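Let me begin by presenting the structure, written as structure tokens, before commenting on it.
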Amino acid sequence: MPSLEKYIQDQLEFFSNKGQRRILHHYHKTSPTTLQKENKEYLSFNDNDYFNLSTHPEVIARTKETIEQYGIGTRASRLQSGNHPLYRALENLLAQSKGTEASLVFGSGYLTNIGVIPALVGKGDLIIADKLIHACLIDGAKLSGAKLVRFSHNDPTSCQRLLQKHRRHYRHCLILTETVFSMDGDVAPVAKLFSLANQFDAYLLTDDAHGFGLFDHHTMPAHIHVGTLSKAIGCYGGYVCASQTIIDYLINTARSFIYSTALPTPILAGAAHAITILNNSSHIKRQPIDNAIYFTKEMDLPLAQSAIVPYIIGTSYQALQVSAQLEKNNILAQAIRPPTVPLNTARLRLTFSAAHTKNDLNKLIRILKEITDNA
Ligand SMILES: *Cc1c(COP(=O)(O)O)cnc(C)c1O
């Protein structure tokens with residue numbers, strides 16, 4: 001047996017022993033609030049489709065129409081012949097929604113971050129990043145070769161100290177945060193970080209994967225906004241919004257943009273349509289947060305700031321137990337374990353959508369209370 005095979009087997013066993021081995025299940029959506037997992041249907045607090053746009057009848061109709069007109073694949077990268085005119089409408093809508101001059105769509109949010117960050121900074125530059133940023137921002141930072149230092153979570157003072165200590169020793173500087181943190185649901189002090197960036201000749205890059213549609217862009221200033229079309233927009237893909245100069249530069253330098261095939265046309269049309277629907281439905285924009293707030297009030301937890309609520313339990317094993325007990329009661333709430341989150345903060349990550357009813361919320365609250373009272 002090759003030594004690598006033996007190593008792989010040992011590692012898998014090691015993951016299992018720690019309660020951290022991941023396996024895949026099959027899921028599909030059966031209604032805006034329910035998922036079928038293998039052969040059973042569950043009330044779901046598990047996905048990032050905050051406005052239920054992934055199954056919106058108008059978005060579906062628009063994607064069908066586009067497939068019939070143009071087919072599916074775009075057959076080439078955007079700099080070759082893959083740059084379909086549907087990109088123009090989508091990128092205009094994205095730039096508009098962030099109040100920037102321009103935007104650029106990538107294959108996914110992950111591809112956006114591992115493309116944009118190394119395109120902007122490299123060896124001799126500095127990245128100052130929040131302690132809890134998403135793995136793909138870290139991957140982008142590592143890939144860039146820039147010096148990476150981390151500030152305490154959501155603490156502008158800690159960021160400022162690092163700027164004072166390190167900034168002058170490096171050529172350019174990028175500050176990284178998420179707007180809404182994907183595993184904790186709390187909101188970054190974006191305006192303060194933006195003013196620090198301006199003060200220290202740095203750019204602020206924010207990842208809005210979990211904030212799209214929830215907040216007015218005026219309250220979330222940044223030099224560079226990245227995000228995904230795969231969550232609140234319910235489709236697929238990633239984007240960056242910034243000045244025309246930065247976007248022109250990225251078209252020339254972001255390797256995950258240059259060397260990857262353009263997105264399928266139905267996705268481009270569907271995403272643009274989903275954003276338009278969201279722009280025209282101000283009444284649904286508050287609903288995911290209002291549902292999350294209702295839950296946190298009833299459970300005596302710190303008030304929700306977004307559609308994501310962490311229900312912190314402790315060890316991986318305990319979190320898996322609670323998640324399994326919810327499943328027995330036909331509720332899906334994923335246990336998130338280290339290394340995705342820090343040790344001993346294994347949790348349920350609950351996400352709320354506009355479609356959850358009071359009935360759905362009360363069911364979750366009642367059953368979660370029963371489980372934790374009996375633990
Ligand atoms: C999900 C997520 C991404 C990745 O986006 P995809 O389109 O799923 O690749 C990037 N950043 C954050 C903060 C995320 O939560």
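Checked against a 30 Å cut-off, the cross-linked pairs LYS18/LYS328; LYS37/LYS358; LYS297/LYS328; LYS165/LYS231; LYS328/LYS358; LYS142/LYS231 give Cα-Cα distances beyond that limit for LYS165/LYS231.
The share of accessible area on segment 24-110 that comes from carbon and sulfur is 51 percent, using a 1.4 angstrom probe.
Computed 3J(HN,Hα) for segment 127-139, one whole-Hz value per residue from the Karplus formula 6.51 cos²θ - 1.76 cosθ + 1.60 where θ = phi - 60°, is 10, 10, 10, 4, 4, 10, 5, 4, 3, 6, 6, 4, 4, glycine and proline marked x.
Return the Rg/Rh value of segment 47-194, two decimal places, where both radii are evaluated on C-alpha atoms and Rh is the Kirkwood radius. That ratio equals 1.04. Using the Cα coordinates of the chain, the gyration tensor eigenvalues translate into equivalent-ellipsoid semi-axes of 32, 27, 23 Å, sorted from longest to shortest. Against the criterion of solvent-accessible heavy-atom surface with a 1.4 angstrom probe, LEU162, LEU204, LEU132 sort, most first, into LEU132, LEU162, LEU204.
Checking every one of the trypsin sites (Lys or Arg not before Pro) in segment 1-62 against DSSP loop status and a limit of 15 other Cβ atoms within 10 Å picks out LYS18, ARG21, ARG22. Loop-resident chymotrypsin sites (Phe, Trp or Tyr not before Pro) (DSSP state other than H, G, I, E or B) in segment 1-107 with no more than 13 further Cβ atoms inside 10 Å of their Cβ are absent.
As a length-normalised measure over Cα pairs under 8 Å and 6 or more apart, the relative contact order of segment 242-375 settles at 22 percent. Paramagnetic label reach from TYR259 (point 7 Å along Cα→Cβ; backbone nitrogen cut-off under 18 Å): within segment 135-177, residues 139-146.
For the residues HIS225, HIS25, HIS273, a GNM of the chain with alpha-carbon springs under 10 Å puts the largest fluctuation on HIS25. Hey, quick one: spin label on ALA191, modelled 7 Å out along Cα-Cβ, who in segment 210-232 has an amide N within reach, i.e. under 15 Å? Those under the cut-off are 215-222. Segment 1-95: which GluC sites (Glu not before Pro) are DSSP loop and have at most 10 other beta-carbon atoms within 10 angstrom? Taking segment 1-95 and a limit of 10 other Cβ atoms within 10 Å, the loop GluC sites (Glu not before Pro) found are GLU38. If you run the Gaussian network model on the chain, springs between alpha carbon atoms under 10 Å, then out of LEU361, LEU104, LEU268 the most flexible one is LEU361. When the chain is treated as a Gaussian network with alpha carbon springs shorter than 10 Å, the biggest mean-square fluctuation among SER182, SER256, SER306 belongs to SER256.
Summed over qualifying helices (DSSP H, 4 residues or more, each -39500 (n - 2.57)) and divided by its residue number, the chain shows a 222 nm mean residue ellipticity of -13000 deg cm²/dmol.
The values are calculated or read from the model by the stated rules, or taken from the named source; none is laboratory data. Values in this document were obtained by computation on a predicted structure and should not be read as measured data. As a convention, Cβ positions derive from the backbone with ideal geometry for all residues, glycine included, and neighbour counts pool all protein chains shown. These area figures cover heavy atoms from the full protein model, side chains too; ligands, DNA and RNA do not enter into them. Shrake-Rupley method; radii C 1.70, N 1.55, O 1.52, S 1.80 Å.
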